[in-house]
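The values are calculated or read from the model by the stated rules, or taken from the named source; none is laboratory data. Remember, it's a predicted structure, so these values are computed and weren't measured experimentally. Methodologically, a virtual Cβ is constructed for each residue, glycine included, from the backbone with ideal geometry; neighbour enumeration extends over all protein chains shown. All accessible areas refer to the heavy atoms of the entire protein, side chains included, with ligands and DNA or RNA removed. Shrake-Rupley method; radii C 1.70, N 1.55, O 1.52, S 1.80 Å.
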Amino acid sequence: MKKVFFFAMFVLSFNFLVFSDDFNLEKFYSQPAMKKQMNESFKQFNALDKTMEYSYKVKNNTMVYIYKFTEQQKDIEACRETIILRLRNSVIDFVITNIENESGVKDVRVQYIYYNKDGTEIYNQIWMK
């Protein structure tokens, strides 16, 4: 009975958050279950790909993906061009649509920031539909 009560309270509080006027992406991803899911996903990314360190943060309605190369990139312009080629509009639209569908939040923006090993910024762009 306690489990049913706690589940009902969770559903009610989640619905209150989702349908309140000040609900945004940051509030959605700050929920413990979502935070845990995101942290586990990024932990897996970091375990699978040793060429970059992956992290994220959420500010208001902007999902910020942060990538840091684990080896110093010498040809910054070529690196930047490769990043731009990978981040085509179709990819960005797909990412934004998935975030909007998962969170129920509209007008989501996605920001990609790439850093070199020494911490210098290589690329920083905010995208929206």
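Taking segment 54-76, which residues are part of a strand (DSSP E or B) and either of a type in the set (Ser, Thr, Tyr) or touching a residue at least 60 places away in the same chain (Cβ under 8 Å) (or both)?
Tyr54, Ser55, Tyr56, Thr62, Tyr65, Tyr67, listed by residue number.
For Lys74, state whether it is open to solvent by 50 Å² or more (accessible area, probe 1.4 Å), over 23 Å from Glu26 (Cα atoms) and basic (Lys, Arg).
Judged against the criteria, Lys74 is a match.
In the list Asn89, Asn124, which residue meets the criterion of being at pLDDT 95 or above, farther than 21 Å from Met38 by Cα and either surrounded by 17 or more Cβ atoms within 10 Å (Cβ to Cβ) or not small (Gly, Ala, Ser) (or both)?
Of Asn89, Asn124, the one residue that is at pLDDT 95 or above, farther than 21 Å from Met38 by Cα and either surrounded by 17 or more Cβ atoms within 10 Å (Cβ to Cβ) or not small (Gly, Ala, Ser) (or both) is Asn124.
Select from segment 25-48 the residues that are open to solvent by 90 Å² or more (accessible area, probe 1.4 Å) and among the charged types (D, E, K, R) and list them in ascending order.
Result: Lys35, Lys36, Glu40, Lys43.
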